[in-house]
Amino acid sequence: MVPSRYALRIGDIDVLVISDGVLPLPTKTMATNANPAALATWLDDMIPPRETFDWPLNVVVVRSGGRTILIDAGVGVEYPGFPRAGQLAPRLEAAGIDPASVTDVVVTHMHTDHVGGLLARG
């Protein structure tokens with residue numbers, strides 16, 4: 001089992017990596033330029049089942065200088081087709097982080113698994 005969060009300190013900066021869950025993705029989307037036989041062998045050794053793999057979704061909370069910075073916002077709960085994702089809100093709470101305490105949000109890019117959590121009310 002993978003922990004739902006990892007914490008580390010870099011100088012005066014606290015960094016918390018929080019899991020938003022996983023997305024099951026088809027393995028055919030991986031290494032599309034690889035030799036199919038080599039990819040099949042690698043998949044047999046690394047990822048059960050062979051047809052899908054779990055893509056981990058992580059969000060980072062950085063605390064420094066009186067600021068709490070959320071880097072990406074996870075999938076959120078507006079996408080019921082992702083039942084194993086959208087875990088950010090309860091995991092923030094479990095980590096003792098009130099969403100109202102977030103002073104800044106940094107979005108790395110506009111994929112659903114990075115911005116979906118911004119659609120939540122409140």
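Rounded to whole numbers, the Karplus 3J(HN,Hα) couplings from phi for the stretch 78-86 are 7, 10, x, x, 10, x, 9, 10, x Hz, using 6.51 cos²θ - 1.76 cosθ + 1.60 with θ = phi - 60°, and x at Gly and Pro. Volume per residue of the convex hull around the Cα atoms, evaluated for the chain, comes out as 137 Å³.
Values quoted throughout were computed directly from the atomic coordinates according to the rules given, and no laboratory measurement underlies them. Since this is a predicted model, take the numbers as computed values, not measurements.
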